[in-house]
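These notes are about the structure you will find just below.
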């Protein structure tokens, strides 16, 4: 009888050990690299931010976090891949604010932006800046608006892709200002910037992180930032609100997600580690170089924020009458 009990206890101990190994947040991390999927090409703000975070998480956790770019459809290709991935912690998704706008822009998504993902945490926010090629002599948003009204349909605005924050910012400005400008979508910010600097397109909204070096070099002229406060690197550049667009609320944000049904232990562990990274001086310094501000949050706060953004943008996009096939 004693032998039987000992055998049962031994079996229970082994089972508990196996379960612990399966559910331990570090067990999978110890075995394989963690893929951080990015739905945009290398060089854009989302990619740059993801690589900075992956590098810091690798150092914090002594695990390998590898960024994998799967560009296309405003991040939907990468999101679809992660939504279908095994929820074991090996595949993560680094998203920008397009994650909240795509459900209203695309009618046939292969994933549910709310229910197919588990939120790990917010990472950062970054304002957009409205810039023009210097060949346009305008020095303010008022001057730009006046010029556009005098030249309807003659000026193009660029974006990294149809449906991105850059695109939506341009459409919101177009509607609010009552101007006729043409949208030119590209395959990533880098391609759009090349044509903007070359003068093949005239204006663009994009993350401060991407625009900063080109503004400092004089290749582009900033007219306004989309945040509520002026950007410290460009104290002389007004906000859109100061320029008369009080309701212009288009700010880029970044978050880290996992497939739905990923064990809570993984998610909680990663949330803790992400928030530790966001407090580190080295990462804060990197964010500042990107024109971004860290956004620490619990998983619950992150979920609530993203849900609110999805709801808010649904109304904005419907009011604009935008749809992407």
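The numbers here are math on the coordinates, done by the rules we state, and not lab data. None of the values given here were measured: they were computed from a predicted structure. Heads up, the Cβs are rebuilt from the backbone with ideal geometry, glycines too, and the neighbour counts pull from every protein chain shown.
Two-decimal Rg/Rh of the chain from alpha-carbon positions, Kirkwood Rh? Ratio value, two decimals: 1.07. With the simple model of a label 7 Å out from the Cα in the direction of the Cβ, residue 228 to residue 319 spans 1.8 nm. Here the average projected area of the convex hull drawn through the C-alpha atoms of the range 109-175 stands at 6.9 nm².
What FRET efficiency do you get for residue 32 and residue 107 if R0 is 25 Å and r is their Cβ-Cβ distance, rounded to the nearest 0.05? Display every interim value, and only then the final one.
Working: r = 36 Å, r/R0 = 1.43.
Computed FRET efficiency for residue 32 and residue 107 comes out at 0.10.
Using only Cα coordinates, the Kirkwood hydrodynamic radius of the range 127-225 works out to 13.0 Å. Separation of the range 80-138 and the range 175-197, taken as the distance between their Cα centroids, equals 19 angstrom.
Spin-label model, residue 140 to residue 77: label points 7 Å out along the Cα-to-beta-carbon direction sit 4.4 nm apart. Highest GNM mean-square fluctuation among 165, 244, 121, for the chain modelled with Cα contacts below 10 Å: 244.
May I ask for the percentage of alpha-carbon pairs in the range 168-325 that lie more than 28 Å from each other? Before the final figure, lay out the partial values.
Values: 4086 of 12403 pairs.
Of all Cα-Cα distances in the range 168-325, 33 percent exceed 28 Å.
With contacts taken as Cα pairs under 8 Å and at least 6 residues apart, the chain reaches a relative contact order of 26 percent.
Distance between the 7 Å Cα→Cβ label points at residue 183 and residue 246: 2.7 nm. Comparing 141, 264, 48 in a Gaussian network model of the chain where C-alpha atoms under 10 Å apart are linked, the largest mean-square fluctuation is found at 264. Available extension along the chain between residue 307 and residue 114 is 68.8 nm, counting 0.36 nm per residue and deducting the alpha carbon span.
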